[in-house]
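I have placed the structure first, in the form of structure tokens, so that the comments after it can refer back to it.
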Amino acid sequence: VQLQASGGGWVQAGGSLTLSCAASGRTINTYIMAWFRQAPGKEREFVAGIGWRGVRSNYGDSVRGRFIISRDNAKNILYLQMNSLKPEDTAVYYCAADQSYTLRYNYDEYDYWGQGTQVTVSS
């Protein structure tokens, strides 16, 4: 499966952005999906993950309560709605997929990756 992330940009603190990740090549309904992010000089960080049907989800501590992950299997698209953005949310955001059932938190457990989209939050 090929993944293409989009929707990044520049926003002021407190604002919102919605990222999208379009999948092609295969349908994503038997893949867990996730968003990760990586800021300069830092490790790639788990942001949010979602199960096959969108019923199960989990979030990193730093974004819980502000971000919402969702998916539309019919359209083969993954979303990340980001609210109350903070300067520390500035990073390149990546979408990822894996053919497992159990939600995973580590980036090395995902086999498929999008190219990343830059999010910059100014104070």
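The values are calculated or read from the model by the stated rules, or taken from the named source; none is laboratory data. Computed from a predicted model, the values in this text were never measured in an experiment. Cβ placement follows ideal geometry from the backbone for every residue including glycine, while neighbour counts extend to all protein chains displayed. We work out accessible area using only protein heavy atoms, side chains counted, and drop any ligands, DNA or RNA first. Shrake-Rupley method; radii C 1.70, N 1.55, O 1.52, S 1.80 Å.
Miscellaneous remarks
- Backbone geometry of region 56-70 corresponds, through the Karplus equation with coefficients 6.51, -1.76 and 1.60 at θ = phi - 60°, to 3J(HN,Hα) couplings of 8, 8, 8, 9, x, 4, 6, 10, 4, x, 10, 10, 9, 9, 8 Hz, x marking Gly and Pro.
- Residues E43, E109 ordered from highest to lowest accessible area at a 1.4 Å probe: E43, E109.
- Charge-dipole axis of the chain as Lys and Arg at +1 and Asp and Glu at -1 on Cβ define it, positive-most pick from P87, I69, T120: I69
- Residue by residue, region 87-94 carries 3J(HN,Hα) couplings of x, 6, 7, 4, 4, 8, 9, 10 Hz when phi is fed to the Karplus relation 6.51 cos²θ - 1.76 cosθ + 1.60 (θ = phi - 60°); x denotes Gly or Pro.
- For region 19-100, carbon and sulfur atoms together expose 48% of the accessible surface, with a 1.4 angstrom probe and every protein chain in place.
- Surface calculation, 1.4 Å probe, protein heavy atoms: R26 sits at approximately 120 Å² accessible.
- Sorted on the mean count of surrounding Cβ atoms within 10 Å across their residues, most packed first, peptides 75-85, 98-108 read 75-85, 98-108.
- When each of the peptides 114-122, 10-18 is scored by how many other beta carbons lie within 10 Å of its residues on average, the order from highest to lowest is 114-122, 10-18.
- What the chain shows is 51 Å² of accessible area per residue, with the surface traced by a 1.4 Å probe over protein heavy atoms.
- Fraction of the pair-distance distribution of region 77-120 above 18 Å, Cα-Cα pairs, percent: 39
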